[in-house]
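All remarks here apply to the structure that follows.
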DNA sequence: GTGGGATCGGTC
DNA sequence: ACCGATCCCACC
């Protein structure tokens, strides 16, 4: 009886996004399971594919599988279900979702030729005695191996241990006292770091309650838990104790952290508690390292995985808990296909596998907090910092007043004084500026008025080419006004101050201070990130200037001042999440100070100091912020009150792009008209904010509506129709479901 | 994506 | 009628 199996081939193409049926040759008939990676004939080529199910003989002649790759299966039945959900929800090919789950690149076990004793310990000891006088080096080497039988070293490394060369080793091998053996080795990404064993802290009374609730969640309904805890309230300790519980119950845990927090210190914290059971998965690992960690998870050697976004796919079979630290972080959304959000995938995976999701943050995303308030997630809170440390006082400086008083510096008098004092006392300051490369906005320096789109109430973006203002949601355009439309002042300013300019200015104003800058430009080289941080920690640097990079997680006891050069940069981004981002950022930055025994202080400069995102950050008051922001989202029907899909069309030929995007817009509009529904809105077509990327022009259409399923359906039908009408196969269409940014 | 067969149009 | 370029489409 022939056995047939269904395989999805590794070609990201619409036409082949379905299973193909292959016959198993006799020799493999009982060796193939779902999740195996196989090599199959496809057309006149050989192609890799993944087994997704049993097949049956059809009305075509099935070809035979060529080979099955080792180390399979690469995914379980449940993970296949999850991949199907991702493909369906995020509109991507099944094979793309599957490939996100499996280790990529060359899948090989690394081997090395190690040197081991050829005789028993007892015999070897006798040999040592006999060698002592005539060949002392050989004797020394041999006794080293007797004393350290666990060492699995290659010839040169072993020779180094006793200050000799590998010829000593080969002499011993020739005499039959030692032998070479090929052993597989693990590529350990953290081999060079030592971990100090740590014990659980005794929890604060607040932490105790929270931990109890989590344990109840683990045993009970496993409804996702939102842990809202102020910065410095000890969320990590809560995670550690929850994980401990899960491990004791014989299950496994995944800890997702934002890429930027995945530092050796973070890993050390987990390894310190759980030792060798901890594994790490992230994009910086070499493909070999990633494969080894992946295999150790599968083999059950690892019980806790800590990693970035993709670690949500760790191949555990008895998953009990997924922790999502800093739940609101936008790095959890994958930027390329499949454009999944790790938080959503985690919730779905946990549901399928009976695990609990625990997401923690000081500043929940609006989406998640809304769900928590709706009862879809369980909300628990940590309101106090550990050791009773207070949250630092926050001072908001109105930069309009500074200008009126004749201060044209980028530092207010207050921040200037603050820096002076810090330098006097030998303490440290962090100066934060969130300057995004291309986005600038136009603002009146006298009254703070920002030029906004009349249709969207979003800030207009300055386009240098045409020297005009433009809304990238609806394409509304206007000229840059010569005088402020609000107060008729002539002080119209194009904002675009970057960290470099701040550095220059600090050096001018405080020539004796040691200033360093940390942003994408200064940390591009490997290790430079750690180097800057360790210099700051050791006190070699007085003032650290930086972008978001310095806002996260770091714990510097001597930092007593945090300055935000302008809170407006992120606030005036043309994005409905600008207010949310600003609040999150300010809250996080503020959390960087007052973590030691000294009191900290935060100074935020702004031209729009009355904005609720800034005002509520001053009081560290998330709930008030949430109420204001959710009202705005409700009024404007933005998420969480609607869903969105961003469709970007790109091609080298701009005319082609415009033609296709316009046509797609027409098709979408007529479809929505047919549906006789007011529910779906179409924004665009407009030129994408990143209008040209790698010589390709980009235009986009945004769909917005209550029902994500309907949005997807309309989008799908429209894209099929577009292809029929235009018949163009070479234009690129990229679909982003629940986009976090429209760029 | 890619090769092969169908299709179209130009050329001897 | 024959041949190369282009289109189309199936690939199990």
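Tabulated results
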{"item": "Positions within the range A:517-538 being in a loop (DSSP other than H, G, I, E, B) and either within 15 Å of residue A:593 (Cα to Cα) or assigned by TED's automatic domain parsing to the domain that holds residue A:362 (or both), in sequence order", "result": "none"}
{"item": "Matching residues, the range A:683-705, being out of contact with any strand residue (DSSP E or B) (no Cβ under 6 Å at 6 or more places or on another chain) and modelled with pLDDT of 85 or more", "result": "A:686"}
{"item": "The range A:44-87, subset without any contact (Cβ under 8 Å) to a residue 40 or more places away in the chain and within 30 Å of residue A:715 (Cβ to Cβ), residue nearest to DNA strand C (Cβ to nearest atom)", "result": "A:47"}
{"item": "Selected residue [within 16 Å of DNA strand B (Cβ to nearest atom) and either at pLDDT 95 or above or surrounded by 13 or more Cβ atoms within 10 Å (Cβ to Cβ) (or both)] from A:87, A:76, A:96", "result": "A:96"}
{"item": "In the range A:448-460, residue modelled with the lowest pLDDT [restricted to those that are closer than 16 Å to residue A:575 by Cβ, crowded, with 16+ Cβ neighbours inside 10 Å and out of contact with any strand residue (DSSP E or B) (no Cβ under 6 Å at 6 or more places or on another chain)]", "result": "A:456"}
{"item": "Conditions (1) modelled with pLDDT of 85 or more; (2) over 22 Å from residue A:332 (Cβ atoms); (3) within 27 Å of the chain's Cα centre (by Cα); number of the one not met by residue A:708", "result": "(2)"}
{"item": "Count - residues of the range A:47-73 that are away from DNA strand B (no atom under 16 Å from the Cβ) and either closer than 26 Å to residue A:297 by Cα or surrounded by 14 or more Cβ atoms within 10 Å (Cβ to Cβ) (or both)", "result": "15"}
{"item": "The listed residue being under 29 Å from residue A:689 (Cβ atoms) and surrounded by fewer than 24 Cβ atoms within 10 Å (Cβ to Cβ), out of A:637, A:617", "result": "A:637"}
{"item": "Given (1) within 10 Å of DNA strand C (Cβ to nearest atom); (2) without any contact (Cβ under 8 Å) to a residue 60 or more places away in the chain, number of the condition residue A:14 does not satisfy", "result": "(2)"}
{"item": "Listing of helices (runs of 4 or more DSSP H) fully contained in the range A:562-675 that carry 2 or more residues being out of contact with any helix residue (DSSP H, G or I) (no Cβ under 9 Å at 6 or more places or on another chain) and modelled with pLDDT under 95", "result": "A:622-636, A:654-674"}
{"item": "Yes/no for residue A:147 being without any contact (Cβ under 8 Å) to a residue 12 or more places away in the chain and touching a strand residue (DSSP E or B) at 6+ places or on another chain (Cβ under 9 Å)", "result": "no"}
{"item": "Test set (1) more than 16 Å from DNA strand B (Cβ to nearest atom); (2) in contact with a strand residue (DSSP E or B) (Cβ under 7 Å, 6 or more places away or on another chain); (3) farther than 30 Å from residue A:371 by Cβ - residue A:656 fails condition number", "result": "(2)"}
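Listed here are the residues, each with its yes/no results for (1) away from DNA strand B (no atom under 16 Å from the Cβ); (2) out of contact with any helix residue (DSSP H, G or I) (no Cβ under 8 Å at 6 or more places or on another chain); (3) in the same structural domain as residue A:69 (by TED's automatic domain parsing).
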{"position": "A:11", "(1), (2), (3)": "no, no, yes"}
{"position": "A:19", "(1), (2), (3)": "no, yes, yes"}
{"position": "A:23", "(1), (2), (3)": "yes, yes, yes"}
{"position": "A:32", "(1), (2), (3)": "yes, yes, yes"}
{"position": "A:35", "(1), (2), (3)": "yes, no, yes"}
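The values are calculated or read from the model by the stated rules, or taken from the named source; none is laboratory data. Just so you know, these numbers come straight off a predicted model, no measurement behind them. Because the Cβ atoms are built from the backbone with ideal geometry, glycine has one as well, and the counts that use them run over all protein chains shown.
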